[in-house]
């Protein structure tokens, strides 16, 4: 092809991209987020319901909640309670009626007492986070009437208004916000907000959430509302998509953080009998934070590399050559542009999985059974070690390598970026990369993580298995 032809091709690709820009990239090929068939745990549950032989029992107190958690194997001990009005069921949420969130490795379930629906978000290996609702009928189930067949209805644009933005890495994803709530749970946006990640300082976490557990002299923003109601009269400031100091000053200047510290009993704050547990476990909240961000980065890596490979294929076709490594006339490897896009997608995921820049943590202790339930899921090596083993003294996990390496979403990453992540993990854990970004990993910790993975993770590259 002549240079003029190449320029014409590139201009054409840019025009296509500009035309598609009216919608989100993931709505089009090769992702097709809106139309692709989902295979996440919630989608699989609905298919079981469609086949018959399974019905969800309805409890007069919490509707389908208990049945949904049971069928999805989501533990009630993961309960986390948020009372800020930061959900589409905001009119029903308040400090007296918080929204409960439950989760396992793949699925998140939201429940508001008296709410019209149960909200669900589930991780699909190829699509990332997929959203659903389940209608909650009112009143006690009729004793003689045949049970109505509930439907888990997939949601798209309604949820993506918040869950498909810069705060979720521009992919359908999850976000955890920390706000300054007033007495009704309304965020005082003029004071600023925080997007909570595992890098967030302890002091900036959980505004608008209930938090149960012990954490000594450390302070967070949970369990309390703004001191001065007049703050709600201030002009509204822009919501910050990344953790930054609040516009109104430090959290302690607006919240009585001492009053919200080391709370283990929520019974004086609202009617806890309306919920499956009386806790909003601090350790569950920290695990939730790591997991949500990791899911988002996996989705981002999946999307970016699939788009990069599509673009490279189109370029190779226009230049009359095959795919990288695919026979005579084909380039031996991916182009530098494609490799750069793979690195851009993979390196943030590597850093997230190895807990780079994890916020400093003093000793904490949850209030409930979450620790036990979470660690028991394993897998464990012959010495009983697991990537789920909690530390809770200096950091969240004893062995800082994400347990989501076992997830179907990780296994479904496009081969080039999964190979990149494996290679980078190996470079760090084998000691070939001892740069400052990974200084939190001692030689003993790196060795232990490798040993655990060699025993418990299928599909590791052969070069991992040749370790001395």
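Within the stretch 148-167, is even one residue in contact with a helix residue (DSSP H, G or I) (Cβ under 6 Å, 6 or more places away or on another chain), modelled with pLDDT under 85 and part of a loop (DSSP other than H, G, I, E, B)?
Going residue by residue through the stretch 148-167, those that are in contact with a helix residue (DSSP H, G or I) (Cβ under 6 Å, 6 or more places away or on another chain) are 152.
Of the ones still in play, those that are also modelled with pLDDT under 85 are none.
Scanning the stretch 148-167 turns up no residue that is in contact with a helix residue (DSSP H, G or I) (Cβ under 6 Å, 6 or more places away or on another chain), modelled with pLDDT under 85 and part of a loop (DSSP other than H, G, I, E, B).
For residue 449, are the conditions met, namely being under 20 Å from the mean Cα position of the chain (by Cα) and in a helix (DSSP H, G or I)? Against the criterion (under 20 Å from the mean Cα position of the chain (by Cα) and in a helix (DSSP H, G or I)), residue 449 does not qualify.
With under 20 Å from residue 106 (Cβ atoms), surrounded by 17 or more Cβ atoms within 10 Å (Cβ to Cβ) and under 24 Å from the mean Cα position of the chain (by Cα) as the only criterion, which of 425, 413 stands out?
Working: 425 fails: under 20 Å from residue 106 (Cβ atoms).
When all the criteria are applied, what remains is 413.
Scan the stretch 239-287 for residues that are assigned to a helix (DSSP H, G or I) and either surrounded by 15 or more Cβ atoms within 10 Å (Cβ to Cβ) or at pLDDT 90 or above (or both) and report the count. Explain how you work it out, then say what you get.
From the stretch 239-287, those assigned to a helix (DSSP H, G or I) are 251-254, 272-274, 282-287; that's our starting set.
Now restrict to residues that are either surrounded by 15 or more Cβ atoms within 10 Å (Cβ to Cβ) or at pLDDT 90 or above (or both): 251, 254, 272-274, 282-287.
Qualifying residue count for the region: 11.
If the condition is being at pLDDT below 95 and under 18 Å from residue 135 (Cβ atoms), then the stretch 64-91 contributes 87, 88, 89, 91.
Yes/no matrix, rows are residues, columns are (1) buried (at least 24 other Cβ atoms within 10 Å of the Cβ); (2) assigned by TED's automatic domain parsing to the domain that holds residue 98; (3) modelled with pLDDT of 95 or more:
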| site | (1), (2), (3) |
| --- | --- |
| 190 | no, yes, no |
| 200 | no, yes, yes |
| 222 | yes, yes, yes |
| 231 | no, yes, no |
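Residues of the stretch 399-433 that are over 22 Å from residue 342 (Cβ atoms) and free of Cβ contacts under 8 Å to residues at least 24 places away in the same chain: 431 alone. The requirement of being assigned to a loop (DSSP other than H, G, I, E, B), in contact with a helix residue (DSSP H, G or I) (Cβ under 9 Å, 6 or more places away or on another chain), at positive phi and not assigned by TED's automatic domain parsing to the domain that holds residue 196 is fulfilled somewhere in the stretch 359-370, by at least one residue.
The values are calculated or read from the model by the stated rules, or taken from the named source; none is laboratory data. What you see is a predicted model; the values in this text were computed from it and never measured. In this analysis, Cβ positions are derived from the backbone assuming ideal geometry, glycine residues included, and neighbour counts consider all displayed protein chains.
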